[in-house]
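Q: This is the structure I want to talk about, given as C-alpha cells.
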Amino acid sequence: MIDSKIKEKKDCTGCYACENICPKNCISMVSDVEGFWYPKVDYENCIKCGKCVNVCPIINHGTVKNYPDAYACINKNEDIRLKSSSGGIFTLTAGKIIEDRGVVFGAGFNEKFEVVHSFVETKEELEKFCGSKYVQSKIGETYKHAKDILESGRKVLFSGTPCQIAGLKAFLRKSYENLFCVDIICHGVPSPKVWQKYVSYQEKNNGSIVQRIAFRQKNEGWKRYSVSFLFQNDTEYCQTLDKDLYMRAFLKDVCLRPSCYSCKFKTLHRESDITLADFWGIQNILPEMDDDKGTSLVFINSDNGKYMFDQIRDKILYKEVDIHQAITYNPAAIKSAKYNQKRESFFQNLDRFPFDKLVKKYCTDSFLLRMKRKLRSYIGY
C-alpha cells in the first residue's frame, strides 16, 4: 500500500490524497519528528484495493500540455491591495465564485494559529484566506468536501500549492466544468512544528497570547515586507523579513519539507487554471506598474482560467508580459529550493535550543559569504 510504495520522504508531498480516497478510512497522516505529515496504513482494516497508490500524484506523475499566458496585475481597489500579499488578485477571483453562489477553499489560521485548509461561502469570510502563510497547510478532508459540492452542481474554487492541486485533481479522477483551481509559485513549505515553536517563542518573549498574525505587512513597502504579531496584552511585534527569525529560517531553506528540494511540480505547465505570485522584478520589466504597494504575476493556464480572468478584467490594471522574461526574476516557478547542508542539524536541535539561538546558529551567513555579497553589490553582479 501507499506507505510501502513511498520509500523515501522526498517522494511524499503530504497532499492527503491517499487519506481522502481510502474507502475504509484506514489511512492516517501522521507527523514525523520534523513535524511533516506522512501516510500510515492500518493494515488490519486495509482491503488492499490499491486506490491510495493509484491516487498518489508523485507515483502517477504526468505532464500537462498547455501554453500559459502571463500578466502583471494590480487590483484597482487600493484597500484590498494593501491588505493582500501582492496585487490583490485572489480576492477578486474568489469573490466572483461566491457571487455565483459557489464555495472557496483555501489555507487559513485556526484558533491555535495552525495553518489548515477549509472553505467559506461569503465574501466576509474570505479574509481568512488572504495573505501568505509560510507554513505547510493541513488539507484534512477538504478534497472530499470539494467533491461533494462539485457533485451538487455548485462552483468551487480550490486554492493551494501546486502539489495540493495535483492531489485534488488525482483524487477527483475526472474533470468538472464547475471547478476552478488556483495555485501559487511556491518557494517550498516549512514545517508546521517549526512554525509552532516560533509562535510559542513569540508568546513567551512578549508575555502574552497571540491574537493576530500577518506574514506580509506592507508598512515598509511590498518588497521589504514585515511579519506582524498582535498580542492580547495590546503589544505588537513587527519586523522586516530580513530580521524576523522565522523568515530567516524559511528563506535559508533550512526548514522545508524534503520533497521541496526535488519538487515534481516546478513547471510552467501546471494543473491549475490560474497561478498567482508576487511579480518580483517588475521594476525591471514594467517599472510603470511598480509603486512598491504590490504587483501580482498571473499565469493563465487553461480555458477556465481565461474565463475567470475575463470576469475580473474591469477591476484590475494589467499588462501581458513574456512569461520567460518574468520567470528570470521568479525562478521558483520552475526551480526547486536548494538543499541547505545545515538542515539536518537544524532539526536535530529544534527541541534543544531556544528558537532565537537555533536560528542564529544555523541561519547566519559566514563572514566570508557576507563579504562576497557585499563585493557583488559594489561591482554590480
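Q: At 222 nm, what helix-only mean residue ellipticity would the chain give, in deg cm²/dmol to the nearest 500, using -39500 (n - 2.57) for each DSSP H run of four or more?
A: That calculation yields -8500 deg cm²/dmol at 222 nm.
Q: What is the local net charge at residue 272, summed over the other residues whose Cβ is closer than 12 Å to its Cβ (Lys, Arg +1; Asp, Glu -1)?
A: Residues near residue 272 contribute -1 overall.
Q: When DSSP beta bridges are limited to those with both residues in the chain, what percentage is antiparallel, rounded to the nearest 5?
A: 75 percent
Q: Which order do you get for 81, 154, 173 if you rank them by accessible area with a 1.4 Å probe, largest at the top? Provide the component values of the computation, followed by the final result.
A: On the way: 81 5, 154 70, 173 150 Å².
Largest accessible area first, the list is 173, 154, 81.
Q: Moving on. Could you please report the charge total around residue 64, scoring K, R as +1 and D, E as -1 over all other residues with beta-carbon less than 11 angstrom from its beta-carbon? Walk me through the intermediate numbers first.
A: Values: positive: 65, 169, 270; negative: 271.
For residues surrounding residue 64, the net value is +2.
Q: Provide the net charge surrounding residue 241, with neighbours chosen by a C-beta distance below 11 Å and charges set as Lys +1, Arg +1, Asp -1, Glu -1.
A: Working: positive: 216, 223, 224, 243, 248; negative: 220, 242, 244.
So the environment of residue 241 carries a net charge of +2.
Q: Across region 346-353, in residue order, what do the Karplus-derived ³J(HN,Hα) couplings come to in whole Hz, using 6.51 cos²θ - 1.76 cosθ + 1.60 with θ = phi - 60° and x for Gly and Pro?
A: Once θ is set to phi - 60°, the couplings for region 346-353 become 4, 6, 4, 9, 4, 8, 9, 9 Hz.
Q: Evaluate 2.2 N^0.38 Å with N set to the residue count of region 132-287, then give the Cα radius of gyration divided by it.
A: Dividing the Cα Rg of region 132-287 by 2.2 N^0.38 Å gives 1.21.
Q: While we're looking at this one, here's another question. Can you compute 3J(HN,Hα) from phi for each residue in region 335-341, using the Karplus curve 6.51 cos²θ - 1.76 cosθ + 1.60 with θ = phi - 60°, rounded to whole Hz and x for Gly and Pro?
A: 10, 6, 5, 7, 4, 8, 5
Q: Pop out the ³J(HN,Hα) list for region 31-48 in order, Karplus 6.51 cos²θ - 1.76 cosθ + 1.60 with θ = phi - 60°, rounded to Hz; leave Gly and Pro as x.
A: Values, residue by residue: 6, 8, 5, 8, x, 9, 8, 9, x, 10, 9, 8, 6, 5, 9, 5, 9, 6 Hz.
Q: Moving on. Would you kindly state how much longer the chain becomes between residue 357 and residue 243 on full extension, computed as 0.36 nm times their sequence separation minus their alpha carbon distance, in nm to one decimal?
A: 39.7 nm
Q: Heads up, I need the accessible area for residue 37: 1.4 angstrom probe, whole protein in place, Å², nearest 10.
A: 20 Å²
Q: If I model a spin label at residue 66 and residue 132 as a point 7 Å from the Cα along the Cα→Cβ vector, what separation in nanometres do I get?
A: 2.3 nm
Q: Once fully extended, how much extra length lies between residue 322 and residue 219, figured as 0.36 nm per residue of separation less the alpha-carbon to alpha-carbon distance?
A: 34.0 nm
Q: Do you know the Lys pair count in region 239-365 for C-alpha distances under 18 Å, with sequence separation 8 or more or different chains?
A: 21
Q: Right, next: Roughly what would the spin-label model give for residue 122 and residue 205, points 7 Å off Cα along C-beta, in nm?
A: Spacing of the two 7 Å Cα→Cβ label points: 3.6 nm.
Q: If I build a Gaussian network model for the chain, linking alpha-carbon pairs within less than 10 angstrom, which residue out of 245, 317, 286 has the largest mean-square fluctuation?
A: Comparing 245, 317, 286 in the GNM, the peak value goes to 286.
Q: Could you work out which residue, out of 254, 116, 189, moves most in a Gaussian network model of the chain, that is, has the largest mean-square fluctuation with Cα springs under 10 Å?
A: Maximum among the listed residues: 116.
Q: Read through the labelled values (i) 19.7; (ii) 22.1; (iii) 31.8 and report the label of the one computed as mean projected area of the Cα convex hull in nm² from the structure.
A: So the calculated entry is the one marked (i).
Q: Okay, moving on. I want to verify a result. In a Gaussian network model of the chain, Cα cutoff 10 Å, which of these has the top mean-square fluctuation: 47, 27, 149?
A: Highest fluctuation among the options: 47.
The values are calculated or read from the model by the stated rules, or taken from the named source; none is laboratory data. This one's a predicted model, so the numbers in the text were calculated from it and none came from an experiment. Neighbour counts run over all protein chains shown; Cβ positions are idealised from the backbone, glycine included. The protein model used for the area step is the full one, side chains on, heavy atoms only, and it has no ligands, DNA or RNA in it. Shrake-Rupley method; radii C 1.70, N 1.55, O 1.52, S 1.80 Å.
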